[in-house]
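Worksheet: one structure, shown below.
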Amino acid sequence: MRAAFPGSFDPPTFGHIDIIERSRSIFDEIVVVIAENKQKSYLFSAEERRDMMTEMVKEWKNVTVTLCDTLIVDLLKQLNIKVMVRGVRNVLDFFYESELSMMNKALSPGIETIFMMTRPEYLVLRASSVRELAAFNGDLSALVPPVVVNALRKKYN
Ligand code: ADP
């Protein structure tokens, strides 16, 4: 069975990678979907986010990365993927994610959302904190891989 893992990944972190690694041992194939939402402003372009993610998962043959500038459920229907994985860190994530999953269920009843709890070490890791820390030139090595550290350094230089 194939599953999708959609998100902004602005930038991708070890928290995201952990969810991908654990999902890819449950499902036959994982498609990481890099969302491009015209209403949102991102630090990295969709292509930059895709390229960083592709580099991070390159050793894993059952993981692919794709861009999406439509509704995620529309892309999933096109790809004939019926499961969506979302990571959850705490009750606030759960609250937000449960509403999102219900909206997606109304749009597309054939698609199931599966939640996966974060590992304790990534409980407070979020892309926005990584961006903030990078802007202050903080140590990022425990949060994101070198490809992302380098990309952040370039952005903020
Ligand atoms: P973020 O919340 O870091 O900005 P995204 O919006 O790109 O990340 O999220 C993509 C998915 O990854 C979401 O389901 C989100 O809850 C999950 N996620 C993000 N960070 C973590 C983490 N540290 N541990 C587990 N899941 C995470």
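Every number here is computed from the coordinates shown, using simple stated rules; none is lab data. All values derive from a computational prediction rather than experimental measurement. FYI the Cβ positions are ideal-geometry reconstructions off the backbone, even for glycines, and counts take in every protein chain you see.
Only one of Glu132, Glu99 is exposed (fewer than 11 other Cβ atoms within 10 Å of the Cβ) and over 27 Å from Ser25 (Cβ atoms). Can you tell me which?
Step by step, each of Glu132, Glu99 is checked, and only Glu99 is exposed (fewer than 11 other Cβ atoms within 10 Å of the Cβ) and over 27 Å from Ser25 (Cβ atoms).
Does Phe94 meet the test of being more than 9 Å from the ligand (Cβ to nearest atom) and farther than 21 Å from Asp10 by Cβ? Considered against the rule, which asks whether it is more than 9 Å from the ligand (Cβ to nearest atom) and farther than 21 Å from Asp10 by Cβ, Phe94 comes out as yes. Among the residues making up the stretch 139-155, those that are surrounded by 12 or more Cβ atoms within 10 Å (Cβ to Cβ) and either of a type in the set (Phe, Trp, Tyr) or in a loop (DSSP other than H, G, I, E, B) (or both) are Leu140, Leu143, Val144, Pro145. Among the residues of the stretch 47-60, not a single one is near the ligand (Cβ under 10 Å from one of its atoms), within 21 Å of Pro146 (Cβ to Cβ), touching a strand residue (DSSP E or B) at 6+ places or on another chain (Cβ under 8 Å) and touching a residue at least 60 places away in the same chain (Cβ under 8 Å). Considering Asp69, Asp10, Asp74, the condition of being under 20 Å from Arg131 (Cβ atoms) and of a type in the set (Asp, Glu) is satisfied by Asp10 alone.
The set of residues from the stretch 102-129 being near the ligand (Cβ under 9 Å from one of its atoms) and either over 19 Å from the mean Cα position of the chain (by Cα) or surrounded by fewer than 11 Cβ atoms within 10 Å (Cβ to Cβ) (or both) comprises just one member, Ser128. In the stretch 33-66, the qualifying residues are those that are surrounded by fewer than 20 Cβ atoms within 10 Å (Cβ to Cβ) and among the β-branched types (Val, Ile, Thr), and the one that is farthest from Arg131 (Cα to Cα) is Thr64.
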